[in-house]
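Here's the structure, in structure tokens; my notes come after.
The values are calculated or read from the model by the stated rules, or taken from the named source; none is laboratory data. Keep in mind that this is a model prediction, so the values were computed, not measured. Reconstructed Cβ throughout: ideal geometry from the backbone, glycine too, with neighbour counts over all protein chains shown.
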Amino acid sequence: MSVFDETLSSQSGLGEVSVVVDPFSRDCSVYVPAVTKHPANPVLTKESFFTDVQSQMVRGSPADALAPCLYDVKDLFNPGVAHHDGGFAMLVRYQNASRRNGLFLATSEDGIAWKHGMREIELIGMPPAPEETQRRAYAPDLPDDVAWRPGVPYDPRVTQTTDGGHLVALAVDYDTVAAPGQQYVNVCDNQLYRTADLRRPRPRPARRRQATRPSPRAAPRARACGGRRRVPSSSRTSR
């Protein structure tokens, strides 16, 4: 491409498509990006969630009632998607008006129109505290008998396995129990679940891992994979 080339762009349908015209030969070159944004995006919104579940409830039975924790969903974000049963399955992280975080399952035949689950996915076997090596790496001064609040799972990542099942990786926030106004310690751990249908994940046997302390330069990013911070408990919110 020379400085004399003319570039024309279009954002209809395929996203950013560029046409380059040589002013001397009038030859044209078309450049289509390898990955484009589908025009139906966003396919997951709070509005689409409530529209779909209301439609299901009108057509269904009393057993199809929406779980109370999903009555006041405020945000849907950071889902994990995988092929499942000839279509697609998506584990969605939600946060409601009380800042409760959880997951529900959505399914789709084409990956565009989604049917949203009306029940929160129950994560059986969630450890009551972060793994010892993770805790000691980022909070070595904590006593062994410290009390922890229940872990808050979020940001699912789904991978299909060769046997047709799925592995689900979750980040899990753990906070120490502290009186109002007192400092607490936060440790972000990771948990791995295995599931055949994505509706009933079960913990995968943990492998022994060696925790490493972050370097000073990496410290500001440590919380994303097991960081630690101390803040007054009066300002604590669930993630």
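Can you name the residue in segment 68-114 that is aromatic (Phe, Trp, Tyr) and under 17 Å from the mean Cα position of the chain (by Cα) and is also surrounded by the fewest Cβ atoms within 10 Å (Cβ to Cβ) among such residues? It comes out as Phe77.
When Arg99 is tested against the conditions (1) assigned to a strand (DSSP E or B); (2) among the basic types (Lys, Arg); (3) over 21 Å from Thr159 (Cβ atoms), the lone failure is (1).
Yes/no per residue for (1) of a type in the set (Asp, Glu); (2) touching a strand residue (DSSP E or B) at 6+ places or on another chain (Cβ under 6 Å); (3) modelled with pLDDT of 95 or more:
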{"position": "Thr107", "(1), (2), (3)": "no, yes, no"}
{"position": "Ala137", "(1), (2), (3)": "no, no, no"}
{"position": "Leu142", "(1), (2), (3)": "no, no, no"}
{"position": "Asp155", "(1), (2), (3)": "yes, yes, no"}
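Close Cβ contacts (under 9 Å, 6 or more residues apart or on different chains) running from residues in segment 60-73 that are at pLDDT 85 or above and part of a helix (DSSP H, G or I) to residues that are surrounded by 13 or more Cβ atoms within 10 Å (Cβ to Cβ) and of a type in the set (A, V, I, L, M, F, W, C) comprise Leu70/Phe49; Leu70/Val53; Leu70/Phe104; Leu70/Met118.
Residues checked against (1) assigned to a strand (DSSP E or B); (2) farther than 16 Å from Leu103 by Cα; (3) touching a Leu at 6+ places or on another chain (Cβ under 7 Å); (4) of a type outside the set (D, E, K, R):
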{"site": "Ala169", "(1), (2), (3), (4)": "yes, no, yes, yes"}
{"site": "Asp173", "(1), (2), (3), (4)": "yes, no, no, no"}
{"site": "Ala178", "(1), (2), (3), (4)": "no, yes, no, yes"}
{"site": "Asn186", "(1), (2), (3), (4)": "yes, yes, no, yes"}
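Filter segment 140-161 for residues that are within 19 Å of Val177 (Cβ to Cβ), buried (at least 17 other Cβ atoms within 10 Å of the Cβ) and of a type outside the set (Lys, Arg) and give the result. Once the filter is applied, which keeps residues that are within 19 Å of Val177 (Cβ to Cβ), buried (at least 17 other Cβ atoms within 10 Å of the Cβ) and of a type outside the set (Lys, Arg), segment 140-161 yields Trp148, Gly151, Val152, Pro153.
If only residues of segment 172-198 that are of a type in the set (A, V, I, L, M) and in contact (Cβ under 8 Å) with a residue 40 or more places away in the chain are counted, the one that is nearest to Ile121 (Cα to Cα) is Leu198. The set of residues in segment 1-31 that are part of a loop (DSSP other than H, G, I, E, B), exposed (fewer than 11 other Cβ atoms within 10 Å of the Cβ) and either in contact with a Pro (Cβ under 6 Å, 6 or more places away or on another chain) or modelled with pLDDT of 70 or more (or both) comprises Phe4, Pro23, Phe24, Ser25, Arg26, Asp27. Looking at the structure I just gave you, is Ala97 touching a residue at least 40 places away in the same chain (Cβ under 8 Å) and not basic (Lys, Arg)? It is false that Ala97 is touching a residue at least 40 places away in the same chain (Cβ under 8 Å) and not basic (Lys, Arg).
Taking every residue in segment 22-48 that is touching a residue at least 12 places away in the same chain (Cβ under 8 Å) and pairing it with any residue that is among the small types (Gly, Ala, Ser), at least 6 positions away or on another chain, the pairs with Cβ-Cβ distances below 7 Å are Tyr31/Ser18; Pro33/Gly15; Thr36/Gly15; Lys37/Gly15; Pro39/Gly13.
For segment 116-133, which residues satisfy the criterion of being surrounded by 19 or more Cβ atoms within 10 Å (Cβ to Cβ) and closer than 14 Å to Thr176 by Cα? Result: Pro130, Glu131.
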